[in-house]
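Report on the following structure.
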Amino acid sequence: MTPRSRFAGEDFAEAARELALSFSSEPNLANRDHVMSYLTRAALDTHGSRFECDLLTGTSDGLAHPLVDEAVVHYVRWLPRFLAQNALPFRSVVGARLEIEFGLDATRDPDRDGRQIEVPFRCRVTIEDDTGELHVGEVRDTWCIAEEERSVARRFWWQFWRPPR
């Protein structure tokens, strides 16, 4: 018989859900834009719908972007402190994985003018403890991004003689 952890599975599951909420929330910024915006744009541009990363090593597959990779490194460094703040032992964590899946089929333009796009997503964090038990936290929501302007480069009134780039 495998020894049971003295920590309840609900605690790890709640921590996993909080990690998923934190990664997929607006305060998670990279270079003055939301990490989820980078991922959403990459999903729309490449028609890829999955992003996965290991929260212990920082390796990721799927929708790649350098600023998203930096955010993942931040979460890898933060994970031991986060678990300690929730009175959970980091040494009992064998694996931790974050997955984001976009519902590109359900993408919609609420304004119908092309300025904003809503993309539903599911963010799931799975934590495996030393007893082999998997603790899953999941968030389902919709991410809105503004459609990037693909027009001519902006020129100020005093630069009227300069040709656009």
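Take Ala84 and tell me if it is part of a helix (DSSP H, G or I), among the small types (Gly, Ala, Ser) and surrounded by 14 or more Cβ atoms within 10 Å (Cβ to Cβ). So Ala84 does not fit the description; no. Just one residue in the set Val94, Val68 is closer than 23 Å to Asp33 by Cα and β-branched (Val, Ile, Thr); that residue is Val68. Restrict the check to the stretch 31-39 and report whether at least one residue is more than 17 Å from His135 (Cβ to Cβ), assigned to a loop (DSSP other than H, G, I, E, B) and in contact with a strand residue (DSSP E or B) (Cβ under 7 Å, 6 or more places away or on another chain). No: the stretch 31-39 contains no residue that is more than 17 Å from His135 (Cβ to Cβ), assigned to a loop (DSSP other than H, G, I, E, B) and in contact with a strand residue (DSSP E or B) (Cβ under 7 Å, 6 or more places away or on another chain). Ala16 meets the stated requirement of being at pLDDT 95 or above, more than 12 Å from the chain's Cα centre (by Cα) and assigned to a helix (DSSP H, G or I).
Of the residues Glu101, Glu52, the single one that is touching an Asp or Glu at 6+ places or on another chain (Cβ under 6 Å), over 23 Å from Thr131 (Cα atoms) and part of a strand (DSSP E or B) is Glu52. Which residue is modelled with the highest pLDDT, if the candidates are limited to the stretch 141-165 and must be surrounded by 11 or more Cβ atoms within 10 Å (Cβ to Cβ) and among the charged types (D, E, K, R)? Filtering first and then ranking leaves Asp141.
Taken over the stretch 27-86, the residue count meeting the criterion of being within 19 Å of Trp143 (Cβ to Cβ) and of a type in the set (Lys, Arg) is 3. Residues in the stretch 96-140 that are modelled with pLDDT of 95 or more and either among the polar types (S, T, N, Q) or exposed (fewer than 14 other Cβ atoms within 10 Å of the Cβ) (or both): Thr126, Arg140.
Every residue, every condition in (1) of a type in the set (Val, Ile, Thr); (2) over 16 Å from the mean Cα position of the chain (by Cα), yes or no:
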| residue | (1), (2) |
| --- | --- |
| Glu10 | no, yes |
| Ser22 | no, no |
| Asn31 | no, no |
| Val35 | yes, no |
| Cys53 | no, no |
| Ala84 | no, yes |
| Arg91 | no, yes |
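Might you check whether a residue that is surrounded by 20 or more Cβ atoms within 10 Å (Cβ to Cβ), touching a residue at least 60 places away in the same chain (Cβ under 8 Å) and not basic (Lys, Arg) occurs anywhere in the stretch 23-32? Yes, some residue in the stretch 23-32 is surrounded by 20 or more Cβ atoms within 10 Å (Cβ to Cβ), touching a residue at least 60 places away in the same chain (Cβ under 8 Å) and not basic (Lys, Arg).
The values are calculated or read from the model by the stated rules, or taken from the named source; none is laboratory data. Here the structure is a predicted model, which means the values were calculated and not measured. Cβ atoms come from the backbone with ideal geometry, glycine included; neighbour counts cover every protein chain shown.
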